[in-house]
Amino acid sequence: MDQVTPKKRAKKTIEPNKAPPPIALMKSCLIRLLTIASLSLLFGACTIRQRVEPVKTTTSLGTTIAMIPWEDGVRESFADTYQAALEKRGFTVKKHPVGTIPSISALSTTYTAQWS
């Protein structure tokens, strides 16, 4: 009877000039992908969206404009900046409380600013 001898397995070694094994390459790509995705979520959540609809006016309506907040809780710093921008364009601004009817003045603007 012939005796069966176990075959020796050759050790796998990575030579310095060869590409890394596929598993290591996949792990590296996965780590990079997760890093990019995490950074995208972090910075994507801190964006500001603006929607401005400019209108053309004539001086026949006057230069006084009623400024009416759309809802309570708008930051006062936003309202002050908005008022300054209107005054810079030659308007005289009169602030009114939430719920004021826009027809209180020939020109009126309603606004809201939400931070999330």
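Derivation of every value follows stated rules applied to the coordinates shown; laboratory data play no part. All of these numbers come straight from a predicted model, not from anything done at the bench. All Cβ positions, even for glycine, are placed from backbone atoms using ideal geometry, and neighbour counts span all protein chains on display.
Filter the range 53-79 down to the residues that are surrounded by 10 or more Cβ atoms within 10 Å (Cβ to Cβ) and farther than 12 Å from Y111 by Cα and list them by number. If you could, list the steps in order and put the result at the bottom.
Kept after step one, since they are surrounded by 10 or more Cβ atoms within 10 Å (Cβ to Cβ), are these residues of the range 53-79: 57, 61-71, 73-75, 78-79.
T57, L61, G62, T63, T64, I65, listed by residue number.
Looking at (1) surrounded by fewer than 11 Cβ atoms within 10 Å (Cβ to Cβ); (2) in contact with a strand residue (DSSP E or B) (Cβ under 9 Å, 6 or more places away or on another chain); (3) closer than 21 Å to K56 by Cα, which one does P97 not meet, given that it meets all the others?
In the conditions (1) surrounded by fewer than 11 Cβ atoms within 10 Å (Cβ to Cβ); (2) in contact with a strand residue (DSSP E or B) (Cβ under 9 Å, 6 or more places away or on another chain); (3) closer than 21 Å to K56 by Cα, P97 misses (3) alone.
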